[in-house]
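K.L.:
The structure follows.
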Amino acid sequence: AGQQAGARTAMAVIDAGLVSHLCTLPKAEAVAALKLQSGLPEQFVVALWSSLPIGDAIEWSTFLLCGSTTPCAPVGEGAQRRGVCGMVWRAGDTVYHCRTCGMDPSCAICAECFGSSDHEGHDYWMFSSGGGCCDCGDAEAWRPEGFCRHHSGVETAASDAEVLARLQPFTLACTEGVLTGWARLMLDRRRTLADQTRAVQWLTELAACSLTWRRLAGIALTAGGSGAGSQPHEQAAQDVASGAAAAGRAEGGEPSTSLLACFLRTEVRVTRSLREELHRLYFELMRDCDFKERLLCHIIEQYPLFVQQALDPAIAGEGPTDSATTTFGKFTVQFKGNMVRTMVEKGLLPMLLSTLFAVLDAAIDKQSTPEEDADEWGEEG
């Protein structure tokens, strides 16, 4: 263990020197130099996120993954018809309900998708949104005959191995470094809110342009956590999981086992602006059915803590005053259809009942304390 720690320390020193040198080169020359040494690309990218300004780290990371400074799909993925719209609405956006197409009253689509689909003769109406995302393309929420011409339905679930097979070894190594560096930045309390917000926005932009990046980002957020499946980029997954656990221990209570679990556990202390950017990221990643299921598993696991925090006066005063703005309030309506089986398997109903009983027990205990009993008798006397 001591030798491994020493090796990591030595590597950190080497990384600092390499970052300083390679960042002075044109990006294409730096990539050529990185390809000459095995293991170097991942270490270099991790160091980028801790040693460069956030804008430079993002520009370099985008170039290393996409071959340009603009996010795009990796070579080999090819053009895809976007499966699900998933547009995240802001308060006041115009959206449409359709009783003919929607699976339940909570389902809706954006104005653009409505205008590009056929709802002649349907029972529909327009309203002003308070938040949420477009269901066009999601067969669990919207009937396929009501899909617009731009969205073909939920993306066919490719295995992790199939997703990874599209990446060249150099790109995969850089991807591992990007995900690890991104996670460490998000867990570093010394980084500014502006840096963390921009980092989340960038990962959302990257995930939006490619099924590959979307799948790998989802794995990075849920690695080691509830509902997590395989971990194809193992080292990055281990770094993300261990970093999240350390952050969770710092917050008190049971250690988190994934980055997403850490975000959920500490959401009460996150500013509204950063929380909204994280929600946009989750909505984007939910276009991948695997992530949608993992998010549901995480919410079920963390919900009792959320209720406990919401009822704790010492904590509640720091957090959001409207539960609808939290992950727990905003995303529970998104789980429908085949998610019911996961809800049953993960014990959603027993969890809700036990949480309710715990709340009632706490309320009874509070009402029956000796001090309060004495006060009540004194008032009556």
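The values are calculated or read from the model by the stated rules, or taken from the named source; none is laboratory data. Owing to the predicted nature of the structure, the values given are computational and were not obtained by experimental measurement. Because the Cβ atoms are built from the backbone with ideal geometry, glycine has one as well, and the counts that use them run over all protein chains shown. The area values use the complete protein model at the heavy-atom level, side chains included, leaving out ligands, DNA and RNA. Shrake-Rupley method; radii C 1.70, N 1.55, O 1.52, S 1.80 Å.
K.L.:
Take V154 and decide whether it is among the β-branched types (V, I, T), within 27 Å of P71 (Cβ to Cβ), at pLDDT below 85 and in a helix (DSSP H, G or I). So that I can check it myself, show each step before the final result.
P.N.:
On the way: among the β-branched types (V, I, T): yes; within 27 Å of P71 (Cβ to Cβ): yes; at pLDDT below 85: yes; in a helix (DSSP H, G or I): no.
No: the conditions fail for V154.
K.L.:
Taking the conditions exactly as written (at pLDDT 75 or above and over 19 Å from T175 (Cβ atoms)), does P26 satisfy them or not?
P.N.:
Working: at pLDDT 75 or above: yes; over 19 Å from T175 (Cβ atoms): yes.
When the stated conditions are applied, P26 passes them.
K.L.:
On to the next question. Which members of region 294-315 meet the condition of being modelled with pLDDT under 85, open to solvent by 40 Å² or more (accessible area, probe 1.4 Å) and farther than 17 Å from K366 by Cα?
P.N.:
Of everything in region 294-315, nothing turns out to be modelled with pLDDT under 85, open to solvent by 40 Å² or more (accessible area, probe 1.4 Å) and farther than 17 Å from K366 by Cα.
K.L.:
Kindly indicate whether S68 is at pLDDT below 90 and surrounded by 10 or more Cβ atoms within 10 Å (Cβ to Cβ).
P.N.:
no
K.L.:
Could you grab me the full set of residues in region 187-214 that are open to solvent by less than 20 Å² (accessible area, probe 1.4 Å) and among the aliphatic types (A, V, I, L, M)?
P.N.:
If the condition is that a residue be open to solvent by less than 20 Å² (accessible area, probe 1.4 Å) and among the aliphatic types (A, V, I, L, M), then A199, V200, L203, L206, A207, L211 are the ones that fit.
K.L.:
Right, next: What number goes with the only condition from (1) touching a residue at least 60 places away in the same chain (Cβ under 8 Å); (2) more than 29 Å from D188 (Cα to Cα) that C101 does not pass?
P.N.:
Single failed check for C101: (1).
K.L.:
Those residues that are of a type outside the set (G, A, S) and open to solvent by 30 Å² or more (accessible area, probe 1.4 Å), I need them from region 115-134; list them, please. Walk me through it before giving the result.
P.N.:
Kept after step one, since they are of a type outside the set (G, A, S), are these residues of region 115-134: 118-120, 122-127, 133-134.
Answer for region 115-134, where residues must be of a type outside the set (G, A, S) and open to solvent by 30 Å² or more (accessible area, probe 1.4 Å): D118, E120, H122, D123, Y124, W125, M126, F127.
K.L.:
Of all residues being hydrophobic (A, V, I, L, M, F, W, C) and not in a helix (DSSP H, G or I) in region 174-223, which is modelled with the lowest pLDDT? Just the residue, please. Steps first, please.
P.N.:
Restricting attention to region 174-223, the residues satisfying the condition of being hydrophobic (A, V, I, L, M, F, W, C) are 174, 178-179, 182-183, 185-187, 193-194, 199-200, 202-203, 206-209, 211, 213, 216-217, 219-221, 223.
If we keep only those that are not in a helix (DSSP H, G or I) too, we end up with 209, 223.
Working: C209: 87, A223: 78.
Among those residues, the one meeting the criterion is A223.
K.L.:
Restricting to region 71-105, and then to whatever is open to solvent by 40 Å² or more (accessible area, probe 1.4 Å) and among the hydrophobic types (A, V, I, L, M, F, W, C), can you tell me which residue is modelled with the lowest pLDDT?
P.N.:
Selected residue: A79.
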